[in-house]
């Protein structure tokens, strides 16, 4: 891959209008390794105009669903063909371990484009609602979209926003996170290579203040899809409200994993580790609150601590690394600050709680996987999203207690239940107020199934038919099928005066009556 990256606007690779660039930092080393065009408000306007023109005048929205599907499948094939280079770029730009990038990231991107191709291929451009006597009713779907993606899963989130938007016949402008724009820019380039018409997919790297706010407030844009923090989600809703723009928001989380006392302990310990420490806990749905039934909490915690200490922290490109670096110096400092808050609140650091030293990579942003014990549900470390490899453990008495603790949060994105009794687990899962609950598993996100949050974890859903429909705007068209002699609707008489019907052509006009 290149070491200099341009914006994707109107079917062209372009420098920022200002000519400015910024550095992309490899979190494994703390050093710059690529430069990126620094988009601004002017670039955002150019991209929105290109997307609007492509939607209003271009061929993409007029194509049949199966034609759009073929283009999405081509993108999926190109991603697969470039898997090695894309995975390495994701590792260097976002700190994903190379094993994770090659497996989870590329696999999810390919699956996402293929699933939405399948959905597009079977959708009708016009869906009849009813056939009443003398009329026909149907809906059409249309829109110009903006996708704003986070720094934790850049290439996956690009696919999550681009694939459903263009599958539904829309055009799209993507603003990737400033920290991690590179693989998103590459996906934009591959969309051009796949033959997707100019202006359909645009990517503008730059700050949220300059690029994001310009796009969200633009009257040229019909819909915004955002993944990121709840705080920024509120700002997006505020900006979108100025012209009543549709939003879908996938926001923060503080998800609970509930471990019942009948669990297979060996299996559940590994599952809990997977739930929280996958990608250093930099996952919106991470199971960062571990609720363990009191009879087994000591044994569970001892084994969990021992296994956590065996996690290998190292450079993202090293295949031996279980965990790579934290994505940025800023986020590393946030994690450190929250562990300090936990200590001040009275939590015990059972393992971790400090930066990890990686030989030869002393400038990288590494932190040891951390477990906090002696935690109460009211503590800040149990209530606020840390977005790092920090797990809090809280004991509970019975299922009712566990459900109350799990729901004691402003968030409701995901959660897990661990039990040897599926029926018991399902009863608990049904009472947890979150968009997704996994039973005896975690992080099983599939582009066929809806994903999104309750409460302050978001609005709307991504993935599957539900996610596809988030990118469609409904237009109801009523067609009166009557002929030249159609009778007007009787309700018209409520307002429109009746008129005498004209005589039929050739009819005799009655004359005056003869006398007598």
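Coordinate-derived values only; no laboratory data. Just so it is clear, the structure is predicted and the values come from calculations on it, not from any experiment. Reconstructed Cβ throughout: ideal geometry from the backbone, glycine too, with neighbour counts over all protein chains shown.
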For the chain the mean separation of alpha carbon contacts under 8 Å (6+ apart) over residue count, i.e. relative contact order in percent, is 17 percent
Among beta bridges assigned by DSSP with both residues in segment 256-446, the antiparallel ones amount in percent, to the nearest 5, to 15 percent
Contour minus Cα-Cα span, residue 374 to residue 3, at 0.36 nm per residue, comes to 128.8 nm
Extension length gain for residue 77 and residue 306 (0.36 nm per residue less Cα distance), in nm, is 78.2 nm
Using alpha carbon centers only, segment 168-218 is separated from segment 27-45 by a whole-angstrom value of 13 Å
PRE zone check, label point 7 Å out along Cα-to-Cβ of residue 23, amide N under 16 Å, scope segment 330-362, hits 330, 362
FRET efficiency (residue 56, residue 479; Cβ distance; R0 25 Å; to 0.05) is 0.60
In degrees, nearest 10, the alpha-carbon axis of helix 297-308 is tilted away from the dominant principal axis of the alpha carbons of the chain by 90 degrees
Expected sort for 459-472, 11-24, 426-439 on mean C-beta neighbours within 10 Å, highest first, is 459-472, 426-439, 11-24
Checking rank on 381-392, 82-93, with mean other Cβ inside 10 Å and highest first, the result is 381-392, 82-93
Within the chain, the percent of DSSP beta bridges that are antiparallel, given to the nearest 5, stands at 45 percent
Note: residue 343 to residue 234 extended length (0.36 nm per residue) minus current alpha-carbon separation gives 36.2 nm
Tilt, helix 182-193 to longest principal axis of the chain (alpha-carbon atoms), in degrees rounded to tens, equals 40 degrees
Label model pair residue 333, residue 242: point-to-point distance (7 angstrom along the Cα→beta-carbon line) in nm is 3.0 nm
Here, residue 267 and residue 207, labelled 7 Å along Cα→Cβ, have an inter-label distance in nm of 5.1 nm
Asserting the computed 222 nm helical MRE of the chain (DSSP H runs at least 4 long, -39500 (n - 2.57) per run, divided by residue count, to nearest 500) equals -10500 deg cm²/dmol
Computed from the beta carbon distance with a Förster radius of 56 Å, FRET efficiency for residue 64 and residue 426 to the nearest 0.05 stands at 0.85
Packing-ranked peptide list from 155-168, 210-223, highest mean Cβ count within 10 angstrom first, is 155-168, 210-223
Rounded to the nearest 10, the angle in degrees between the Cα long axis of helix 265-277 and the longest principal axis of the Cα atoms of the chain comes to 70 degrees
Placing each pseudo-label 7 Å from Cα in the direction of the beta carbon, residue 401 and residue 13 end up separated by a distance in nanometres of 6.0 nm
Distance in Å, no decimals, from the C-alpha centre of segment 377-427 to the one of segment 260-286 is 12 Å
Taking max minus min of the Cα coordinates of segment 256-446 on each principal axis, largest first, gives extents in Å of 50, 35, 31
